[in-house]
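Participant: I am attaching a structure below and will ask some questions about it afterwards.
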Amino acid sequence: MTRMKESGIDWIGQIPQEWEVIKFKYLGDVKQGLTYSPSDIVDKDEGILVLRSGNIQNGVLDFTNNVYVKTKVAESIVLRKNDILITARNGSSALIGKNAIIDTDIKATFGAFMMVFRTNKSLIAKFAFYLMNISFNFYRTFFTTSTVNQLTAAIFNGIEVPLPSISEQQKIADFLDKKTAQLDKVKSLLEEQIQKLKDYRASLIYETVTKGLDKTVPMKDSGINWIGEVPEGWGVSKLKFILEKGSNSIKVGPFGSSLSGDAIRSSGKWVYNQRNVLDNNFTETDFYISEAKCKELKNFSVSSGDILLTTRGTIGRVAIVPKKYCEGIIHPCLMKFKVDSKIVLPELIKYLFNDIPLVREQLNFLSNSTTIDVIYSYNLKNIIIPTIPIAKQYSILEVLDRQTSDVDSLIKIKQKQIENINKQRQTLIYDYVTGKRRV
């Protein structure tokens, strides 16, 4: 039986008697990434590869979206085999600490929002990789401030970790490689099954909202390539022709200067933001303003039946303000619009925007771009959607709600299985890198 001792570190707990606790700064060197300007970016054959956060996917390197630069690169930040590449700064706090081992010889460096940990002879890189993926979970609160999400060299160097002998590090790393690979294989199969269910769900919705429920109805050309044929009695229309009448039927969120940080409160009237839409959450929010500020910005206030649309970041997603809602306004990153419910039901709009590529592809086309960062009201007004007799819309929604609910239930079951695998994986790594279980 292994004799244990107290490590003195809460997250580590007890460790084997012969192990020690040591800070990362004594186990290697941190290297800061390359700063470059847009004018330095060149074609693949003209410069050096710069790895960024997007080049790390699920703990391994991904070379799908590469950037090359032509500029002077110090030898110390040219990547070496067994370097550990870490996301040090990012707009999303969840991505801070994302890392991967440089497991091949490549000619590359890394960007300024990244850092590299280069282990010394006391630490095996793969064991360090597992240590990071456990220890970062316990230090994550130090990665986020009110102004920036970052893992600094000082914070990283100060992280204390358990350290066995080199030979045991190797045994643990080899064992965890094998066991995590088994878990990852099961997880990958579940993810494939989820994607197939999502694809089926999307095809079901697309077929129903463009072809209808009755397959015996004669079809006609819609005149729109990406919609194709539609049933007799249906049509197509630009969104601007089915909006509710009135000057306030579509409204972009207030300018940022109208809603500065000084106006935000810890309680008061709601500021509906992107998270509310993405999560379809109308029970809680992160931002509030005073009643006086809400009255000042009354033109941006929400009401039941409004369709809220994300216009930045994850764009083109919608949510419908329910009958019971909290008084408030929209954030600058949102737009609100209201459709004429005698022509189209808001719930159908939700399916068209959120669940099939019909609207997103048009936004890309209207913006003359394949990756758009912002939606403008004039683009939104020119979106073309199928127009369906209102009675048939109710029938379509009834069928879609039932069928998609069945698919969603299956997806949730598989997502729960993945969640359990992730927990099992983390527990496995934790137990072995802290010596609670031995190889």
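Each reported figure results from applying straightforward, stated rules to the coordinates on display, with no laboratory input. This one's a predicted model, so the numbers in the text were calculated from it and none came from an experiment. Methodologically, a virtual Cβ is constructed for each residue, glycine included, from the backbone with ideal geometry; neighbour enumeration extends over all protein chains shown.
Participant: Just how far, in whole angstrom, is the range 201-264 from the range 18-79 if you go by their alpha carbon centroids?
Facilitator: 43 Å
Participant: Rounded to the nearest 0.05, what FRET efficiency do ILE224 and PHE138 give with R0 = 45 Å and r taken as the Cβ-Cβ distance? Could you check?
Facilitator: E between ILE224 and PHE138, to the nearest 0.05, is 0.25.
Participant: Return a whole-number percent for the relative contact order of the chain, with Cα pairs under 8 Å and 6 or more residues apart as the contact set.
Facilitator: 15 percent
Participant: Express in nm, to one decimal, how much length is gained between SER167 and SER93 on full extension, taking 0.36 nm for each residue of separation and deducting their alpha carbon distance.
Facilitator: 23.1 nm
Participant: Next up: Provide ASP45, ASP174 in ascending order of the number of other Cβ atoms located within 10 Å of each residue's Cβ, fewest first.
Facilitator: By the 10 Å Cβ count, ascending, the order reads ASP45, ASP174.
Participant: Go through PHE127, SER341, GLN195 and say which Cα lies farthest out towards the positive end of the charge dipole of the chain; charges sit on Cβ, +1 for Lys and Arg, -1 for Asp and Glu.
Facilitator: PHE127
Participant: Could you please state, rounded to a whole Å, how far the C-alpha centre of the range 402-439 is from the C-alpha centre of the range 270-338?
Facilitator: For the range 402-439 versus the range 270-338, the Cα centre distance is 33 Å.
Participant: Same structure again: Step through the residues of the range 252-268 one at a time and calculate ³J(HN,Hα) from phi using the Karplus curve (6.51 cos²θ - 1.76 cosθ + 1.60, θ = phi - 60°), rounding each to whole Hz and writing x for Gly and Pro.
Facilitator: 7, x, x, 4, x, 5, 7, 9, 6, x, 5, 7, 6, 10, 8, 7, x
Participant: Here's a follow-up. Please provide three numbers in whole Å: the alpha-carbon extents of the range 235-387 along the principal axes, with the largest listed first.
Facilitator: Reported extents, whole Å, longest axis first: 46, 34, 27.
Participant: May I pose another question? Given (1) 48, 26, 24; (2) 60, 26, 16; (3) 41, 26, 20 as candidate values of semi-axes √(5λ) of the Cα gyration tensor in Å, which corresponds to the one derived from the coordinates?
Facilitator: Matching entry in (1) 48, 26, 24; (2) 60, 26, 16; (3) 41, 26, 20: (1).
Participant: What distance in nm separates the simple spin-label points at ASP406 and LEU197, each placed 7 Å from Cα in the Cβ direction?
Facilitator: Going by the 7 Å Cα→Cβ label model, 1.4 nm.
Participant: Near LYS171, within a Cβ-to-Cβ distance under 13 Å, what is the net charge of the other residues, with Lys and Arg +1 and Asp and Glu -1?
Facilitator: Result for the neighbourhood of LYS171: +2.
Participant: Then there is this: Please rank ASP184, ASP306, fewest neighbouring Cβ atoms within 10 Å first, as an exposure proxy.
Facilitator: ASP184, ASP306
Participant: A follow-up question, please. Using Stokes-Einstein with the Kirkwood hydrodynamic radius over Cα pairs, what translational diffusion coefficient do you get for the range 4-163 at 10 °C and a viscosity of 1.306 mPa s, in µm²/s rounded to a whole number?
Facilitator: Rounded to a whole number, D works out at 96 µm²/s.
Participant: Can you work out ³J(HN,Hα) from phi for every residue in the range 36-43, in order, using Karplus 6.51 cos²θ - 1.76 cosθ + 1.60 and θ = phi - 60°, giving whole Hz and x for Gly and Pro?
Facilitator: Per residue, the Karplus-derived 3J(HN,Hα) values read 9, 10, x, 5, 7, 6, 9, 6 Hz.
Participant: With +1 on each Lys and Arg Cβ and -1 on each Asp and Glu Cβ, how big is the dipole of the chain about its Cα centre, in debye rounded to the nearest 20?
Facilitator: 480 debye
Participant: Going Cα to Cα from LYS126, which aspartates and glutamates come in below 15 Å? Please leave out same-chain ones fewer than 8 positions away.
Facilitator: Within reach: ASP83, ASP103, GLU168, ASP174, ASP177.
Participant: Would you list LYS121, LYS336, LYS414 from fewest to most Cβ contacts within 10 Å?
Facilitator: In increasing order of surrounding Cβ atoms, one gets LYS121, LYS414, LYS336.
Participant: Rounded to the nearest 5, what % of DSSP beta bridges with both residues in the chain are antiparallel?
Facilitator: For the chain, the DSSP antiparallel bridge percentage is about 90.
Participant: Now for a different question. Given the peptides 237-249, 287-299, arrange them by the average over their residues of other C-beta atoms within 10 Å, most packed first.
Facilitator: My ranking of the peptides, most packed first, is 287-299, 237-249.
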